[in-house]
1. Arrange the peptides 399-408, 464-473, 321-330 so that the one whose residues have, on average, the most other Cβ atoms within 10 Å appears first.
2. Report, to the nearest whole %, how much of the accessible area of the range 339-397 belongs to carbon and sulfur atoms, 1.4 Å probe, protein only.
3. Which of the peptides 306-318, 176-188 is most tightly packed, and how do the rest follow, judged by the mean count of other Cβ atoms within 10 Å per residue?
4. Once fully extended, how much extra length lies between A39 and A135, figured as 0.36 nm per residue of separation less the alpha-carbon to alpha-carbon distance?
5. Averaged per residue, what accessible surface does the range 308-391 expose to a 1.4 Å probe, in Å²?
6. Amide H neighbours of V330 under 5 Å, counting only residues 5+ apart in sequence or on other chains, H built in-plane at 1.01 Å?
7. Counting only residues 5 or more places away or on other chains, whose amide H sits under 5 Å from the amide H of L48 once H atoms are built in the peptide plane?
8. List the residues of the range 310-326 whose backbone N lies under 17 Å from a point placed 7 Å from the Cα of T258 along the Cα-to-Cβ direction.
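The values are calculated or read from the model by the stated rules, or taken from the named source; none is laboratory data. Model, not experiment: these values are computed from the prediction. Reconstructed Cβ throughout: ideal geometry from the backbone, glycine too, with neighbour counts over all protein chains shown. Ligands, DNA and RNA are stripped out before the accessible areas are found, and what is left, the full protein with its side chains, is counted by its heavy atoms. Shrake-Rupley method; radii C 1.70, N 1.55, O 1.52, S 1.80 Å.
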Amino acid sequence: MTQFRFIPRLVRRATRLFLLAIGLLPLATPGAAQAPDPACFPTAGGALEICRGGEAEGVFFAPRACESASNVQIVRTAGRTGRLQAIYQAEAPMGGRRGGETCPARRVVSPLDGGAVRSGAMPEQLATVMPPTEARLWELARVVRREPRSRRRGREQAPVIVEAAPEGIAARHPMVVAGRDWSGDDYSYVFLLTTVPGPSGNRHALMQARTADFERFDIRGRAEDGVAWVPFTPEGGKRRRSRRGGAAPAPSAVLDETGAPVVGHCPGEGFDRNDLVGSISVVDRVYHYFYTDVLPSDCDAPIARRRLGLYLRTSRDLTADRPWSSARLVAEPLPGQALVRVAKAKGMDRWAVAYSCNRPANTMDGPVADLCVQYTADLAIGSLAGLTWYSEPVAIMRSPAYLGLRSGGDGSGRYGRAQHFWMTDRYGNLDTPGSYPAKAGFITWLDRLAPGYDEPGPSSVFGRPVYWGTWSVRPVEAR
């Protein structure tokens, strides 16, 4: 029977020779490079490629009508249990007690509406499902609304004057990273964005919290002798007394090396502003805070025409009085709607970048939203500027470096890929669940166009699902 083992091999060889003879199979010459796969795109200066389609995807969280979730970062903590933590921006707790099944529909109506940070632990094998979570941090700023006394029924309403107390936090766009555990710091740090109202609009300012267990948090404030950490309590908006007497230190914005607070360049409006939104990654014991902000030259331009720059601040000690360096412009210009995350790639000395983009092709309803991923050739900061982020015109946000995500949408080819984040190790660098060890990344995103509890719109975050997906990267020569 052994002579029959070679029949399939002979048949394949004969078939190949026949196809070569009639010209249906290209003749490969020794050492010749293979033609690029149209389903893949090159990155890292042509050394790597990412192929679209075939990746695992699914629903990470389907919130109720009173719940919201965005900016979901999954962190592998350094505890003995090896558990993962999901940290994300959610709805602010309602006043009073919320019954178990009572969940009245909610809707964001103002950019000043407070958010909350929620967190919860999950075992490794359940990394694709949102764990049970609790609200950990939420809005403490006291917003005062003063209306003119002369307002009467039937007359045109006068503008409402909005003022804010100097103290307060807002739990928006959380970014999590471990402290200097190599120097005995057992805390993890959460950087948040607060909205600071002003006469010409609202600015984002950077706030900081710390936690040892992701259940109890302290807020960074300032005392006469420097940094002070104030335990967060639901009643924190009422200035508590400190142990030394007098009012407890108020939460305050984080300072840079010049002593200036880290705030956005320009005032703005709306729900999806990405000034100071980004990620933090530790490389060689240096913290790299990559974020977007409006280019200063565009502050006087209409909001719809403002462009962004990718900026970097670094730090060697997040507990210092002035922890962050001055801002360094890394790449420009980016579209005003772009959201960018940067981290050290998994298993490689390269930066990985995930950013909002559109596919090159349109549907009848316009561009198709997706998420783009690229890698740099090395860990040099300048290599990020060398990336081709978008095709021209940049404002349309089209790019061939899209992942080809399939989950979500409204059934007609319209997708919302908003507020994406990814899974990291405790240092903010890319990681993946144990069930996907060969994948290069695990990403989450909010889809505002997917079916929910009300009609899609600019503020439709309540009840909208969050999805997860993976991507793979390989050397070009491995094809």
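1. Highest-to-lowest ranking by the protection proxy: 464-473, 399-408, 321-330.
2. It is 57 percent, rounded to a whole number.
3. Descending packing order for the listed peptides: 306-318, 176-188.
4. In short, 30.4 nm is gained.
5. Accessible surface, normalised per residue, equals 37 Å².
6. It is L310, Y311, L312, by chain and number.
7. When sequence neighbours closer than 5 places are left aside, the close amide H contacts are T43, V476.
8. 311-315, 322-326
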